[in-house]
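> This is the structure I want to talk about, given as structure tokens.
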Amino acid sequence: MSATASPDPRTARQTRLTILLACVGVFAAYLPVVGVSTSLPVIQRALDASTVELQWVTDAFILPTAALLLTCGVLGERYGRKKVYLAGLGVFCAGSLLCLVATDVVPVCVGQALAGVGAAALLPSTLALISHVCPDHGKRARAIALWTASLGLGLTLGPVINGLIADHLSWRWIFLPAVVIGLVVVLAGAFLLEETRSSRTQHLDVPGQLLAIVAITGLVYGVIEGGSTGWASAKALVAFAVSAAGFLAFVLVELRSAGPMLDLRMFRSGAFSGAAFVMAVTLFAQVGLVFAVSEYFGLVHHASTLDIGVRLLALNGVTVLLAPFVGRLMNRVGPGLVLFAGLVTAALGAFGVCLFHAGSGTGPVVLIIAVLGLGIALAIAPITTIAINSLPRELAGTAGAANSTLRQIGSALGPAVFGAVLTARTLAALPGHLAASGLAPADQGHVSGLVSHVGIQAGAFLHLDTPATTGQAMSAYGASFTDALHVCALISGIALLVAAAVAATLIGLRKAAPAPAPAATAPAAALTPEH
């Protein structure tokens with residue numbers, strides 16, 4: 001299928017099939033992401049896992065995904081996007097299957113890591129497949145909006161499906177839906193997808209690959225350790241030092257390489273650079289605040305896994321519902337303006353979380369979350385569209401990989417930073433609320449000691465001698481936690497406004513023509529991928 005071929009029914013059918021399989025693939029990859037996070041209390045009870053072990057259940061997925069995205073983007077452009085797509089789904093299914101049969105926390109972490117490797121292959125390959133079959137920027141914007149909606153649908157349904165499964169079956173069955181969907185899509189993709197690859201010569205650039213993995217792994221690991229053991233801990237500081245050295249060496253190697261894995265000239269485009277920054281900051285603000293709000297639901301409202309999933313429908317569900325509208329809106333007024341409006345709306349939703357208190361009703365809480373979800377729904381698809389459209393089509397895989405890498409880095413930074421803020425601010429506010437609670441000094445000391453030792457998770461099993469004193473302690477804890485939640489909301493809202501300012505400055509708000517290809521790229525005739 002050539003990008004210059006005349007439209008015909010077969011071409012249109014192949015385009016629809018490619019978009020469908022790309023969307024279902026990314027849906028399967030994201031189905032367990034939030035679902036597993038909201039199921040952690042159930043997994044902890046079943047496997048008697050420690051807090052550190054439990055943290056690695058989710059971090060084991062994030063780390064390889066972030067580290068291998070750029071590498072997988074290059075592999076897809078060199079060896080074929082279909083091959084990398086199918087391989088990613090296969091590895092993802094293998095990892096989920098290992099989690100399904102695991103009887104200990106270590107195999108679960110290994111399975112999550114394998115699933116993360118598969119997701120690293122899926123994200124850039126699905127975007128590259130869409131970019132290839134949609135050379136027209138308008139059609140591509142609509143397709144990317146559907147891709148974003150599929151990602152959001154996985155994030156939305158994961159907690160609900162996992163909540164239903166956890167309430168009626170063993171925890172391990174939460175991994176079954178991803179395995180089934182993944183295997184079905186592998187079989188369908190093997191027969192229905194057409195192979196494509198970049199027409200320009202892709203070099204593996206082994207030094208660049210290794211340095212990128214070292215740099216990104218060091219950064220994400222440092223954030224994970226900093227959030228759990230302290231930002232000044234030896235492990236965190238060493239990880240950050242390794243990451244900084246790795247990034248510096250990576251830039252030097254890529255600038256001197258004849259065939260770099262990440263062409264740094266891409267960042268000469270203000271639109272691409274702006275989209276890259278906005279993606280990282282937006283995901284940091286969104287995922288971090290959603291983590292904090294989820295903890296609020298579980299620890300202050302004592303909501304079940306299913307209840308948390310249902311409440312979060314107001315966030316990610318909006319992305320799914322608005323996908324067709326966002327695609328058309330981007331074509332009408334331009335993705336820059338839609339992105340700016342989305343970021344400002346999301347910031348308002350984030351600031352609205354400052355209105356939450358320990359006794360907030362479900363209705364007002366869900367309404368504020370829906371405002372945040374509306375803003376994110378308007379922002380995410382334009383960021384990806386701008387990143388892909390600002391570069392020549394032959395760089396779609398690399399641009400998609402860079403975009404997804406920043407998505408994962410922001411997603412990793414958010415929970416770690418916001419978790420540290422929640423813990424520090426809750427501990428700082430707790431003495432004052434305990435003093436005002438009327439509890440005896442001995443009970444106040446017991447509560448403070450428990451929260452200091454266990455962290456914010458102490459709210460899940462905070463009990464004193466009588467129901468009355470337990471209620472007083474829980475009220476003080478809830479008030480302290482919501483004080484900390486308000487700080488997280490302010491951080492998230494300010495970050496989103498900064499992203500909006502950067503978007504307005506580097507990307508612009510007017511509908512712009514596609515950026516021309518750099519002079520150093522292949523001629524237009526050579527941009528058509530091979531089959």
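> Does LEU155 count as assigned to a helix (DSSP H, G or I), under 20 Å from LEU193 (Cβ atoms) and open to solvent by 20 Å² or more (accessible area, probe 1.4 Å)?
no
> Checking the structure you have, find out if any residue of the range 318-337 is basic (Lys, Arg) and within 18 Å of LEU40 (Cα to Cα).
no
> Oh, and also: Can you find a residue that is at pLDDT below 75 and among the charged types (D, E, K, R) anywhere in the range 428-443?
Within the range 428-443, one or more residues are at pLDDT below 75 and among the charged types (D, E, K, R).
> Could you please give the count of residues in the range 466-483 that are more than 15 Å from ALA435 (Cα to Cα) and either modelled with pLDDT of 90 or more or not small (Gly, Ala, Ser) (or both)?
Matching residues across the range 466-483 total 5.
> Now for a different question. Here is a list: GLY111, GLY35, GLY90. Which entry is touching a residue at least 60 places away in the same chain (Cβ under 8 Å), of a type outside the set (A, V, I, L, M) and closer than 29 Å to ARG13 by Cα?
GLY90
> Another question about this same structure. Condition first: closer than 22 Å to GLN112 by Cα and open to solvent by less than 40 Å² (accessible area, probe 1.4 Å). Now tell me which residues in the range 171-194 satisfy that.
TRP171, ILE174, PHE175, PRO177, ALA178, VAL179, GLY182, VAL185, VAL186
> Check ALA236, ALA232 and return the single one that is among the small types (Gly, Ala, Ser), free of Cβ contacts under 8 Å to residues at least 60 places away in the same chain and open to solvent by 60 Å² or more (accessible area, probe 1.4 Å).
Sole residue among the options that is among the small types (Gly, Ala, Ser), free of Cβ contacts under 8 Å to residues at least 60 places away in the same chain and open to solvent by 60 Å² or more (accessible area, probe 1.4 Å): ALA232.
> While we're on this one: Among the small types (Gly, Ala, Ser), buried (at least 23 other Cβ atoms within 10 Å of the Cβ), touching a Lys or Arg at 6+ places or on another chain (Cβ under 6 Å) and at pLDDT below 85: does that describe ALA128?
The answer is yes for ALA128.
> Still on this model: Given the options ARG268, ARG311, name the one that is within 21 Å of the chain's Cα centre (by Cα), open to solvent by 30 Å² or more (accessible area, probe 1.4 Å), of a type in the set (D, E, K, R) and farther than 18 Å from ALA215 by Cβ.
None of the others qualify; the one that does is ARG311.
> With the condition kept exactly as written, say whether any residue in the range 31-45 is at pLDDT 80 or above, of a type in the set (A, V, I, L, M) and open to solvent by 20 Å² or more (accessible area, probe 1.4 Å).
So far as the range 31-45 goes, no, none of its residues is at pLDDT 80 or above, of a type in the set (A, V, I, L, M) and open to solvent by 20 Å² or more (accessible area, probe 1.4 Å).
> Let me ask something else about it. For the range 425-439, which positions are surrounded by 13 or more Cβ atoms within 10 Å (Cβ to Cβ) and not β-branched (Val, Ile, Thr)?
ARG425, LEU427, ALA428, ALA429, LEU430, PRO431, GLY432, HIS433, LEU434, SER437, GLY438, LEU439, listed by residue number.
> Take the residues in the range 62-91 that are of a type in the set (D, E, K, R) and modelled with pLDDT under 80; name whichever of them is surrounded by the fewest Cβ atoms within 10 Å (Cβ to Cβ).
ARG78
> From the list ALA350, ALA346, ALA370, which one is open to solvent by 10 Å² or more (accessible area, probe 1.4 Å), farther than 25 Å from MET266 by Cβ and under 21 Å from the mean Cα position of the chain (by Cα)?
Among ALA350, ALA346, ALA370, only ALA370 is open to solvent by 10 Å² or more (accessible area, probe 1.4 Å), farther than 25 Å from MET266 by Cβ and under 21 Å from the mean Cα position of the chain (by Cα).
> Can you tell me which residue within the range 241-252, out of those that are open to solvent by 10 Å² or more (accessible area, probe 1.4 Å) and in contact with a Leu (Cβ under 6 Å, 6 or more places away or on another chain), is nearest to LEU372 (Cα to Cα)?
Only one residue fits best here, namely PHE250.
> Scan VAL318, VAL353 and give me the residue that is closer than 25 Å to VAL498 by Cβ, at pLDDT 80 or above and either part of a helix (DSSP H, G or I) or touching a helix residue (DSSP H, G or I) at 6+ places or on another chain (Cβ under 8 Å) (or both).
VAL353
> Any residue at all in the range 54-61 that's within 30 Å of VAL242 (Cα to Cα), modelled with pLDDT of 75 or more, open to solvent by 20 Å² or more (accessible area, probe 1.4 Å) and touching a strand residue (DSSP E or B) at 6+ places or on another chain (Cβ under 9 Å)?
no
> If a residue must be at pLDDT 75 or above and open to solvent by 30 Å² or more (accessible area, probe 1.4 Å), how many such residues does the range 195-229 contain?
Qualifying residue count for the region: 10.
> Here are some residues: ILE380, ILE376. Which one is in a helix (DSSP H, G or I), under 18 Å from the mean Cα position of the chain (by Cα), crowded, with 24+ Cβ neighbours inside 10 Å and at pLDDT 85 or above?
Just one listed residue meets the conditions, ILE376.
> Kindly indicate whether PHE325 is over 15 Å from VAL365 (Cα atoms), in a helix (DSSP H, G or I), open to solvent by 10 Å² or more (accessible area, probe 1.4 Å) and without any contact (Cβ under 8 Å) to a residue 40 or more places away in the chain.
Yes; evaluated as a whole, the condition is true for this residue.
> Would you say ALA94 is small (Gly, Ala, Ser) and at pLDDT 85 or above?
yes
> Of the residues that make up the range 286-307, is at least one among the polar types (S, T, N, Q) and open to solvent by less than 10 Å² (accessible area, probe 1.4 Å)?
No, the conditions are met nowhere in the range 286-307.
> Out of VAL290, VAL251, which single residue is at pLDDT 80 or above and within 24 Å of the chain's Cα centre (by Cα)?
Answer to the selection: VAL290.
The values are calculated or read from the model by the stated rules, or taken from the named source; none is laboratory data. Being a predicted model, the structure only gives us computed values, none of them experimental. Methodologically, a virtual Cβ is constructed for each residue, glycine included, from the backbone with ideal geometry; neighbour enumeration extends over all protein chains shown. We work out accessible area using only protein heavy atoms, side chains counted, and drop any ligands, DNA or RNA first. Shrake-Rupley method; radii C 1.70, N 1.55, O 1.52, S 1.80 Å.
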